[in-house]
Each structure stands twice: as C-alpha cells, then as structure tokens.
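Report on one structure; see the data block that follows.
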Amino acid sequence: MKTERTIEILLKFVDSEITHNPNDAYANTTDVDYVLEQESTADGFSVYTFKHPNDEVCISENLYYYDSDLTELIVEALLDGGAKIYIDEYMYEDLYIESELENQFEEFADKIIKEAIEGDIIITKKELEELKEEYYVEDEE
C-alpha cells in the first residue's frame with residue numbers, strides 16, 4: 001500500500017488532518033487547531049512556532065529553536081486525535097512527518113483492521129487484505 005494512503009487511513013482512524021493550505025489556517029481560524037510556522041529572529045536565526053493561529057506567541061510554551069523537536073510534537077498531536085494542523089509542504093517534507101506517521105501506523109494496525117472488518121472505517125477490500133497480510137491478522141471464524 002502506498003505511503004500516502006497508509007497515512008490517510010491512519011489520520012482518518014484518529015480523526016486528525018494535515019493541511020498545507022494557508023487559507024485553512026488564516027482565513028477561518030476555527031478550522032485549524034495548530035499552525036507550524038518558521039520565523040526569523042531580529043539577528044537572523046530561524047525559530048519555529050507551534051500554536052493555535054489566534055494565540056500570541058508564548059516563548060516558553062510554543063517557540064522552538066530546533067526543528068528536531070517538532071516532528072514528535074506534531075505526530076503526537078495528530079495521534080492524540082481530533083487535530084487539524086497546518087504545515088507548509090516544505091516543512092512537512094523537511095521534518096519527515098510522513099515517514100514518522102508511516103512508522104506509527106504499526107501501533108494502530110490491529111485496531112484499524114478490526115474497525116475495517118466491522119465496517120466502522122472505510123477502506124477497500126483489497127487494502128484490508130493487504131493490511132491483514134502485512135500485519136499477520138487472521139480472519140476470525
């Protein structure tokens with residue numbers, strides 16, 4: 001199964017979403033829970049903020065000097081469920097969020113397969129069979 005589809009299934013399962021459309025984040029701020037942005041300091045350093053679009057920047061709570069901390073923070077927010085996060089496409093790629101979400105899929109695979117069998121999450125029969133084979137899930141008799 002393609003990585004994009006795996007991530008789509010995982011995010012649907014946890015009821016979260018990633019958007020790369022800045023209009024989602026800034027045109028109607030009630031649609032997005034978090035925004036990840038890169039900012040520059042007065043002396044030319046890059047820093048990152050991860051916050052609700054309406055919130056002011058609180059240095060101790062949502063300002064990050066290193067981008068290495070952000071991947072875990074974003075993935076955790078998504079997997080906690082019910083989050084919609086705006087991330088610029090370039091930052092999404094630079095932070096390897098796609099790769100980390102794909103790695104996290106394994107933790108949810110059994111539950112996703114079970115819900116798909118019960119009809120609570122919509123995936124194709126072919127995708128269900130692929131997941132069952134890849135994660136060694138036997139059909140219940």
**Request:** Starting from one equal scatterer on each C-alpha and no solvent at all, send me the Debye-based log10 I(q)/I(0) for the chain at q = 0.13 Å⁻¹, two decimals.
**Result:** -0.62
**Request:** Can you tell me the 0 to 90 degree angle between the C-alpha axis of helix 3-13 and the longest principal axis of the chain, rounded to 10?
**Result:** 90
**Message:** Quick check on the exposure proxy: order ILE113, ILE85 from fewest to most C-beta atoms within 10 angstrom.
**Reply:** ILE113, ILE85
**Request:** Rank these for me by crowding, ILE112, ILE9, going from fewest to most other beta carbons within 10 Å.
**Result:** ILE9, ILE112
**Item:** Long-range lysine pairs (8 or more apart or interchain), the chain, Cα under 26 Å
**Value:** 23
**Complete:** What helix-only [θ] at 222 nm does the chain give? Using -39500 (n - 2.57) per DSSP H run of at least 4, over all residues, to the nearest 500, the answer is -14000 deg cm²/dmol
**Nearest-ten-degree value, helix 70-79 long axis tilted from longest Cα axis of the chain** = 50
**Longest DSSP-loop-exposure-free segment, chymotrypsin sites (Phe, Trp or Tyr not before Pro), the chain, at most 11 other Cβ within 10 Å** = 67-135
**Request:** Kindly express, to the nearest 10 degrees and within the range 0 to 90, the angle between helix 125-134's C-alpha long axis and the longest C-alpha principal axis of the chain.
**Result:** 90
**Message:** Under 8 Å for C-alpha pairs, at least 6 residues apart: give me the relative contact order for the chain, rounded to a whole percent.
**Reply:** 28
**Message:** What whole-number distance in Å separates the alpha-carbon centres of region 30-102 and region 107-139?
**Reply:** 31
**Asked** In whole percent, what relative contact order does region 57-136 give with Cα contacts below 8 Å and a gap of six or more residues?
**Response** 22
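No value in this document is a laboratory result; all are computed from the given coordinates. None of these values were measured; they are calculated from a predicted model. For neighbour counting, all protein chains shown are included, and Cβ atoms are generated from backbone atoms with ideal geometry for every residue, glycine included.
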